[in-house]
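A.B. asks: This is the structure, below, for whatever I ask next.
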Amino acid sequence: MERALILFAHGARAASWAEPFQRLRDLTAQQRPDLAVSLAFLELMTPSLPDEAAALVARGVREIVVVPIFLGQGGHLLRDLPRLLDELRAAHPTVAMSTVPAVGEDPAVLAAMAAYCTAALPI
């Protein structure tokens, strides 16, 4: 595969924290079998974004889109992710690297979350 999505999450000390992100990765891969879909973390867990991008490039991937699995565009996405992407572009100049806004910024995602919240207290 020449194209990939990297789902990018924060990371945590508890290994169980990654389980929903792993399920999301698997669901995404099922929906897009034409893409390499992987998961990387900012800190505390592996693989890191640079390590995962390097592994994909070694497999022949030539286009990577980083999808931040964050609720909002906070400091990590405003400062850390752009820096990481600049470093990745310098390390892999023949690979197209891009990102999209945080998943929590998407209206459909927010609507699904609101539906989940309101279902917590049935009518």
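A.B. asks: How large is ³J(HN,Hα) for each residue in the range 54-63, as worked out from phi by the Karplus curve 6.51 cos²θ - 1.76 cosθ + 1.60 (θ = phi - 60°), to whole Hz, x for Gly and Pro?
C.D. replies: 4, 5, 5, 4, 5, 8, x, 5, 10, 9
A.B. asks: Using the Cα atoms of the chain, I'd like the radius of gyration and the largest Cα-Cα distance, Dmax, both in angstrom.
C.D. replies: That works out to 15.3, 55 Å for Rg and Dmax.
A.B. asks: Once you place label points 7 Å from the Cα toward the Cβ at VAL65 and GLN22, how far apart are they in nm?
C.D. replies: 2.6
A.B. asks: Roughly what would the spin-label model give for ARG13 and VAL109, points 7 Å off Cα along C-beta, in nm?
C.D. replies: 2.7
A.B. asks: List, in order, the whole-Hz ³J(HN,Hα) value for each residue of the range 115-123 obtained from phi through the Karplus relation with A = 6.51, B = -1.76, C = 1.60 and θ = phi - 60°; use x for Gly and Pro.
C.D. replies: Those phi angles translate into 4, 4, 4, 5, 6, 5, 10, x, 6 Hz.
A.B. asks: May I have the pair-distance distribution P(r) for the range 18-73, computed from all Cα-Cα distances with 5 Å bins from 0 and rounded to whole percent?
C.D. replies: The calculated distribution, bin by bin, is 4, 17, 26, 29, 19, 5, 1.
A.B. asks: So, one more: Rounded to the nearest 0.05, what FRET efficiency do ARG83 and THR118 give with R0 = 30 Å and r taken as the Cβ-Cβ distance? Could you check? Don't skip to the end; give the middle numbers.
C.D. replies: Values: r = 38 Å, r/R0 = 1.27.
Efficiency, from the Cβ-Cβ distance: 0.20.
A.B. asks: Which ³J(HN,Hα) values, rounded to whole Hz and listed in residue order, are derived for the range 10-19 from phi using the Karplus coefficients 6.51, -1.76 and 1.60 in 6.51 cos²θ - 1.76 cosθ + 1.60 with θ = phi - 60°, glycine and proline given as x?
C.D. replies: Once θ is set to phi - 60°, the couplings for the range 10-19 become 5, x, 7, 6, 7, 4, 5, 4, 6, 4 Hz.
A.B. asks: Let me spell out the model: positive unit charges on the Cβ of Lys and Arg, negative unit charges on the Cβ of Asp and Glu, origin at the Cα centre of the range 1-79. What dipole size does that give, in debye rounded to 20? Before the final figure, lay out the partial values.
C.D. replies: Working: 8 positive and 8 negative charges, 16 e Å.
Here the size comes out at about 80 debye.
Values in this text are rule-based calculations from the coordinates and carry no lab data. Every value quoted in this text rests on a predicted model; they were computed, and no experiment measured them. Neighbour counts are summed over all protein chains in view; Cβ atoms, including those assigned to glycine, are modelled from backbone coordinates with ideal geometry.
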